[in-house]
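The values are calculated or read from the model by the stated rules, or taken from the named source; none is laboratory data. Just so we're clear, the structure is a prediction, and the values are computed from it rather than from any experiment. All Cβ positions, even for glycine, are placed from backbone atoms using ideal geometry, and neighbour counts span all protein chains on display.
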Amino acid sequence: MSQNPGPLASARRIVFKVGSALLVDANTGAANHAWLRAFCDDAARLRARGQQVVVVSSGAVALGRRRLGLTGRKSLTLPEKQAAAAAGQSLLMRAWEEAFEPHGIGAAQILMTRDDTETRRRWLNARATVETLLGLGVVPVVNENDTVVTEEIRCPTLTASTPPIRAAIQTPAIWRRSPRSRRRSKPWLAAPTPPRASGPAAWPPRSPPPVSPAPPAAPP
């Protein structure tokens, strides 16, 4: 991990979105333990310098396909995808727990749906859980609850870039690539406004537009 100063060096909380392509070995359908170990080595270094780490992780459906013997199928029906998610959730969390264990770091699963983030009471509960876990030194691993919803499986939306998720985990911005990349990088989405108390599901709209980062304040 580079020691060059940059936006990540001053961040209090860093959120990683890990997709199935990284987490699951395409040849075996099992968890890519070598990649996970390398990732958790870096995450442990971030925590050692006082930064909090949150993981938004896919992979349950991909891991569950292998457990249910569905790896030979080119595509799955929606019920089969939900069954694979149910079978793969324990494998997903076991992979994260085993990768963090050598560093003495615990991992805790948080399963959410879009409705959970759009209803203020549920959003507040999710935020309180995340804050409590971080306060206890545990890494929250957030994933879609694919066994009870269908929208996220058809068109995945519950990612680190979803405004209510970013509000729940209290992260200021999401980068398309590392801020230290040689290619110019700037925040893709700025921090959202938390759900208002005026209605149970009034915020945000179903398809919120990206929010541009606020320009820097003029010097006095």
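Structure notes:
- Taken together, the residues in segment 43-76 that are in a loop (DSSP other than H, G, I, E, B) and basic (K, R) amount to 3.
- Within segment 27-82, tally of residues that are under 23 Å from the mean Cα position of the chain (by Cα), aliphatic (A, V, I, L, M) and within 21 Å of E144 (Cα to Cα): 12
- Segment 73-95: number of residues that are of a type outside the set (D, E, K, R), in contact (Cβ under 8 Å) with a residue 60 or more places away in the chain and out of contact with any Leu (no Cβ under 7 Å at 6 or more places or on another chain): 4
- Top-ranked residue of segment 103-150 - restricted to ones that are among the charged types (D, E, K, R) and outside any helix (DSSP H, G or I), ranked as farthest from S57 (Cα to Cα): D146
- Against the test of being surrounded by 18 or more Cβ atoms within 10 Å (Cβ to Cβ) and out of contact with any strand residue (DSSP E or B) (no Cβ under 7 Å at 6 or more places or on another chain), the options A83, A34, A9 yield a single qualifying residue, A83.
- Checking segment 3-18 against the condition returns no match, with no residue being farther than 19 Å from H103 by Cβ, under 16 Å from the mean Cα position of the chain (by Cα) and modelled with pLDDT of 90 or more.
- Of all positions in segment 38-52, none carries a residue that is in contact with a Leu (Cβ under 8 Å, 6 or more places away or on another chain), of a type outside the set (A, V, I, L, M, F, W, C), within 20 Å of P140 (Cα to Cα) and modelled with pLDDT under 90.
- Flag if S10 is under 28 Å from T129 (Cα atoms), free of Cβ contacts under 8 Å to residues at least 60 places away in the same chain and out of contact with any helix residue (DSSP H, G or I) (no Cβ under 8 Å at 6 or more places or on another chain): yes
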